[in-house]
Structure formats: structure tokens, C-alpha cells
1. Gain in length, ILE69 to MET44, computed as 0.36 nm per residue apart minus the alpha-carbon separation, to one decimal in nm?
2. How much length is gained on full extension from MET1 to LEU62, taking 0.36 nm per residue of separation minus their Cα-Cα distance?
3. Going by a ≥ b ≥ c, the root eigenvalues of the Cα gyration tensor, does region 33-72 fall in the rounded group (a/c under 1.5), the prolate group (a/b larger than b/c) or the oblate group?
Amino acid sequence: MKVTSIFLLSALALFIFSGNARAEFQGREAQCTKKVTGCPRIYMPVCGTDGNTYANECILCLENEKRQIPVRVLNSGPC
């Protein structure tokens, strides 16, 4: 009975903490150079946390620099 109680409490704690970790994760930061002046025409789409699809990470970096908003890469590929 005691082992079962400990197991259930441990499982509950893991469940609670795993939910918090996922809620805070909002994509990864785009790999940008310090000063972006131009981007290659390579189509490797990324989905931004703003819901827009960008042709590549460099384009996302240019938009971040132009708008001064922290859009992150939600996943590779189109949204």
C-alpha cells in the first residue's frame, strides 16, 4: 500500500511538472547573424510563432529586425 501511494504521488508530480515545461516552450530562437543584409534564395520554410510561414530562417531574422518583435521558429516546414 505504501509503495503504491509513493508511486502515485510521484506520477502526479511528474504529470504536473511536465505540463508546466511544455506551456513555457514557445519554439526555438532563429539562428541569425548579428547584422543581416541579405538572404539566400533557398526555400527551407519555417513556421514562426506568429503563425506565418517564412521562406527560411534568414527571412524570419529580417522580419524580426525590421519589426523589432521576437518571432521564434515554432517548427521546420510551413505552418
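Quick note: the coordinates plus some simple rules give every number you see, no bench work behind them. Remember, it's a predicted structure, so these values are computed and weren't measured experimentally.
1. Full-extension gain reported as 6.8 nm.
2. Length gained, MET1 through LEU62: 16.0 nm.
3. Values: a/c = 2.34, a/b = 1.02, b/c = 2.28.
It is oblate, given that a/c is not under 1.5 and a/b is not larger than b/c.
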